[in-house]
Amino acid sequence: MPPLHPAFVHFPIALVVFSSLTDALGRFANKASLRAAAFWSLIAALVFGAITAATGYYDMIRTRGVLGDTFRYVDFHMDVGFVLIGAVVVLTAWRWFVYARRERSPGIPYLIAALLVMGLVLFQGWYGGEMVYTQGAGVAAAGKGTEPAINGKQRLDKVTKNGD
């Protein structure tokens, strides 16, 4: 069975980015339609984020024995993913209360939090891509990358504090 996680991972990334940017645009342009789109895309991001996390966990458990040294990167990616799901839950609840009270738009503190969550989403996407494209996590590495695998390993080790 092929990995399931890659089939879902792009949805929460796109939806969180879209929601954050659209909420900011909706606030500064005073457009209710943009704020509504931001709200509903954040709800979709939460749903797809849960699916993505579940399929990522399933894929990790299924391939645990064949990942070798790459497993520590996958484990870190999973930990960041759990933090990210928690952050999206909090952000969605916060946004729900703003939307339910029919306020004109979320405040600046919410927009700052949304941009921080968007940054974490983008980091998580970059890190996952580095694992796949430089270390072959979850794929049969063909050794035909654009750079030596050690370069990607060094970037990943910087983030994971040299494997600690």
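Of the residues in the range 92-106, not one is aliphatic (A, V, I, L, M), touching a helix residue (DSSP H, G or I) at 6+ places or on another chain (Cβ under 7 Å), modelled with pLDDT of 90 or more and open to solvent by 20 Å² or more (accessible area, probe 1.4 Å).
Which condition breaks for residue 1 when tested against (1) at pLDDT 95 or above; (2) open to solvent by 60 Å² or more (accessible area, probe 1.4 Å); (3) more than 12 Å from the chain's Cα centre (by Cα)? Tallying (1) at pLDDT 95 or above; (2) open to solvent by 60 Å² or more (accessible area, probe 1.4 Å); (3) more than 12 Å from the chain's Cα centre (by Cα), residue 1 fails exactly one: (1).
Only one of the numbered conditions (1) open to solvent by less than 40 Å² (accessible area, probe 1.4 Å); (2) under 30 Å from residue 24 (Cα atoms); (3) modelled with pLDDT of 85 or more is not met by residue 55, and that is (2).
Conditions (1) at pLDDT below 95; (2) surrounded by 18 or more Cβ atoms within 10 Å (Cβ to Cβ); (3) touching a helix residue (DSSP H, G or I) at 6+ places or on another chain (Cβ under 8 Å), marked per residue:
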site	(1), (2), (3)
26	yes, yes, yes
41	no, yes, yes
60	yes, yes, yes
65	yes, no, no
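In the range 1-88, counting only helices (runs of 4 or more DSSP H) that sit wholly within it, the ones holding 2 or more residues that are over 28 Å from residue 100 (Cα atoms) and out of contact with any strand residue (DSSP E or B) (no Cβ under 7 Å at 6 or more places or on another chain) span 5-8, 32-67.
Just the residues that are surrounded by 19 or more Cβ atoms within 10 Å (Cβ to Cβ), within 13 Å of residue 95 (Cβ to Cβ) and among the hydrophobic types (A, V, I, L, M, F, W, C), please, taken from the range 28-39. Talk me through it step by step, then tell me what you get.
Step one: of the range 28-39, the residues surrounded by 19 or more Cβ atoms within 10 Å (Cβ to Cβ) are 34-35, 38-39.
Next, from what is left, pick out any that are within 13 Å of residue 95 (Cβ to Cβ): 35, 38-39.
Selection gives 38, 39.
The values are calculated or read from the model by the stated rules, or taken from the named source; none is laboratory data. Bear in mind the structure is a predicted one, so any value in this text is a computation, not a measurement. Here Cβ is always computed from backbone atoms with ideal geometry, including for glycine, and neighbour counts include all displayed protein chains. Note: accessible area is taken over every heavy atom of the protein model, side chains too, but ligands, DNA and RNA are not part of it. Shrake-Rupley method; radii C 1.70, N 1.55, O 1.52, S 1.80 Å.
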